[in-house]
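Q: Below: one structure in structure tokens.
Bear in mind these aren't lab numbers, they're just calculated from the coordinates by the rules spelled out. Worth saying up front: this structure is predicted, and the values here are computed from it rather than measured. Please note: Cβ atoms are built from the backbone with ideal geometry, for glycine as well, and neighbour counts cover all protein chains shown.
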Amino acid sequence: MDDEVKPVFSIYVEFVNKTDKKMVSDFFADEFHLTDNQQFFKNGKNCTADILIMDAVSATSKVNKIKKLKERYAPSFIPLLVLAGKKENQLTAQLWNISDDVLQIPVSKEILKARVHALLATRSYSRSLEIKKRKLEESNSTLSMYYNAIEAVTSGIVITDPLKEDNPVIFFNRAFQELTGYEKDEILGRNCRFLQNDDHNQEPVKKLREHIDRGEPVKVVLRNYRKDGSMFWNELKISPVKDKQGEIEFFVGIQNNVTELVETQKKLTMARNQWQSIVSQSPDMIQVSVNGIIRFLNQKGAEIYGAQSPKEIVGKKVVDMFEPESRQLLEIRMNTLENGGEVPPHIYSLRSLDGKAKYIKVQSLPVTYKGEQALQTVGQDITEIIQSNKELVKTVTQKQNLLQEVHHRVKNNLAMINGLIELQLIENEDNEIANALKGTQSRILSIAKVHELLYQQDNLKEIDFREYLQELTSTISNLFSNEGQVIAFDLELAHVKISLSQAVSSGLLFNELISNSIKHASRNKQNIKIAIDIKVYGDQVYINYKDNGAGLKSPKMLEEEGNFGMMIIRTLMKQLEANWEYIPGDGFNLGFQFNKRAYQGFI
């Protein structure tokens, strides 16, 4: 073994007589560190000397300072050795009280060294005791902190001694006592199995015993019972505490009441089982994915993907199950959902494992699955619906084309009839017959104009009433205009679309009104001014028709009397289910209104 390193001591030397000081210094110069620095006497500076060697005069002058120095470092021992001459035998009582040894000089070197070494030995011993005391205090402080910490935690803590019979409890904290309801003398000295009452056949008990016998850490959840007999689920963690040689000294057990957690887990397990039972019978695909990997799939989902069972699909990437053109959009939507966003339902195309092309409508939302963030997807196989819609669109397109052709042919046939009437007008010289033919011709043209507009547009259910009236008034004006006579229209027409049946009835109605206005104005040899105002409020169409003619002699002519034209007007009003009111005054002023009706499929 290496030689023990001896401590180096420091000696403070102070003498009035320089010869005495040199003598003492020479005695110890080769063995100790010598100093005459008096700073540690001032302002509480740290003392750097292990022993003070002073003559009586110097010591007497610093009695109070030396006393305070000793008190400041107590219980650490700082010795004072006083060397006194023959003339100084009578030392003061105060100096005697603070001196640890007194030698009369002259003194031999051997005696002086022996006294100094004896005082330094006492000094060393006092310092070792001080260090041990300080370590003990620190240790007690640490133990106190540990104890207070153990007492403050909410987990129950017990320490057992495996070296004693039946591994009894030798320590427990307040939380353990509160958890179990037992008193101190009912816990100490007993094995912790007393918390099991008669319920010793639990499966975790066997695991607990095996690990304790092997000296291994273990964690179990047990049914334990309080003093009042009430049961609680106890999460017990046991760890061995070993000494430096690796031998087990103690076992530390940490216990927590997890009853609420266990009950919640039971409910969750029950809910999960119910959920799996429900989704297994669902007519829709139910899929759960974590980080893009399918973790759960019901039987219907497996069938949609073309598999015999979900096991063939679970573990695959979601995007790999869909057509390449759908994958990028699918990844974007999944990222949006995982980041807290929302996405609407969407239709994807896929090719199942059996090679069939399918369409699936899916809606996903974020969920927690077995403690992980996941996406739950509900999907419906709408392949038949998509295919049926395609066939339906194809059929509707064919029928629309056919109907458009019908309107074209009707328009052409009406144009042919109009041409025949035109020939009759050329060959006929009777004005009365000509006027009758022109009336018929205008009615045919009003119907033909409806079919012409329908043929020109994609929507065959309704027409733009404003556009129709603009073209109809222009056509009638050209048909009935006489040389030198002006027909002026003032049109205030709201934008409204009406069904085919209402368009024909309205067209014929306006044809009769305009024809009557032109006919009566021609008799009076005046220019014709016709104002038509149409407004729309919801499904109500409001129309006001006014001309600058003579008007009716009596409103009854419109209601129950009048000529053939008035009868046609009344008939058409009834077809429109319109309410009308004749407004007396200058000219012919008629207001009427009707509800827009939906397309019926025929006129």
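Q: Relative contact order of the range 14-152, please, whole-number percent, based on alpha carbon pairs below 8 angstrom and at least 6 residues apart.
A: Values: 114 pairs, mean separation 29.8, N = 139.
Here the relative contact order equals 21 percent.
Q: Moving on to the next point. Considering only C-alpha atoms, what is the centroid distance from the range 12-47 to the range 489-515, in Å?
A: 132
Q: Scan around residue 493 for amide H atoms under 5 Å from its own, H built in the peptide plane at 1.01 Å from N, and keep only partners 5 or more places away or cross-chain.
A: 534
Q: Separate question: Rounded to whole Hz and in sequence order, give me ³J(HN,Hα) for the range 373-387 from the Karplus expression 6.51 cos²θ - 1.76 cosθ + 1.60, θ = phi - 60°, writing x for Gly and Pro.
A: 6, 9, 10, 9, 10, 10, x, 10, 7, 10, 4, 5, 5, 4, 5
Q: Could you please rank 96, 580, placing first whichever residue has the fewest other Cβ atoms within 10 Å of its Cβ?
A: Numbers: 96 10, 580 17.
Ranked by crowding around the Cβ, least crowded first: 96, 580.
Q: Sequence-distant or interchain residues sharing an amide H contact under 5 Å with residue 249, placed H: which?
A: Under 5 Å from the amide H of residue 249: 241, 242, 243.
Q: Which order do the peptides 141-153, 498-510 take when ranked by the mean count of other beta-carbon atoms within 10 Å per residue, highest first? Walk me through the intermediate numbers first.
A: Working: 141-153: 11.0, 498-510: 21.7.
With the highest mean Cβ count within 10 Å placed first, the list reads 498-510, 141-153.
Q: Now for a separate question. For the range 351-357, just list the computed ³J(HN,Hα) in residue order, Karplus coefficients 6.51, -1.76 and 1.60, θ = phi - 60°, integers in Hz, with x standing in for Gly and Pro.
A: 10, 5, 4, 8, x, 8, 7
Q: Can I ask one more? From the phi of every residue in the range 528-534, what ³J(HN,Hα) in whole Hz does the Karplus formula 6.51 cos²θ - 1.76 cosθ + 1.60 yield, where θ is phi - 60° and glycine or proline is x?
A: 9, 10, 10, 10, 10, 10, 10
Q: Say the cut-off is 29 Å between C-alpha atoms; which of 42/109; 519/574; 21/135; 237/311; 109/133 go over it? Please report the intermediate quantities before stating the final value.
A: Working: 42/109 32 Å; 519/574 24 Å; 21/135 39 Å; 237/311 37 Å; 109/133 36 Å.
Too far apart for the 29 Å limit: 42/109; 21/135; 237/311; 109/133.
Q: Multiplying the sequence separation of residue 282 and residue 138 by 0.36 nm and subtracting their Cα-Cα distance, what value in nm do you get? Write out the running numbers ahead of the final one.
A: On the way: separation 144, 0.36 × 144 = 51.84 nm, distance 6.90 nm.
Fully extending the segment from residue 282 to residue 138 adds 44.9 nm.
Q: Next up: Please give, to one decimal in nm, the separation of the simple spin-label points placed at residue 328 and residue 103, each 7 Å out from Cα toward the Cβ.
A: Label at residue 328, label at residue 103, 10.2 nm between them.
Q: Okay, moving on. For a Förster distance of 45 Å, can you work out the FRET efficiency between the beta-carbons of residue 68 and residue 227, rounded to the nearest 0.05? Don't jump to the answer; show the numbers that get you there.
A: Details: r = 61 Å, r/R0 = 1.35.
Step by step, r from the Cβ atoms, then E = 0.15.
Q: Hey, quick one: spin label on residue 593, modelled 7 Å out along Cα-Cβ, who in the range 531-550 has an amide N within reach, i.e. under 20 Å?
A: 532-546, by backbone N distance to the label point.
Q: Continuing with this model, one more query. Under 17 Å Cα to Cα from residue 390, which lysines show up? Leave out anything in the same chain fewer than 8 places away.
A: 358, 361, 399
Q: Ordered by packing density, taken as the mean number of other Cβ atoms within 10 Å over each peptide's residues, highest first, how do 249-256, 339-346, 65-72 rank?
A: On the way: 249-256: 18.8, 339-346: 10.0, 65-72: 15.5.
Put in order of decreasing packing, that is 249-256, 65-72, 339-346.
Q: Separate question: Counting only residues 5 or more places away or on other chains, whose amide H sits under 5 Å from the amide H of residue 298 once H atoms are built in the peptide plane?
A: Residues meeting the amide H criterion: 286.
Q: Which order do the peptides 214-223, 286-295 come out in when sorted by mean C-beta neighbours inside 10 angstrom, highest first?
A: Values: 214-223: 15.0, 286-295: 18.7.
Descending mean neighbour count gives 286-295, 214-223.
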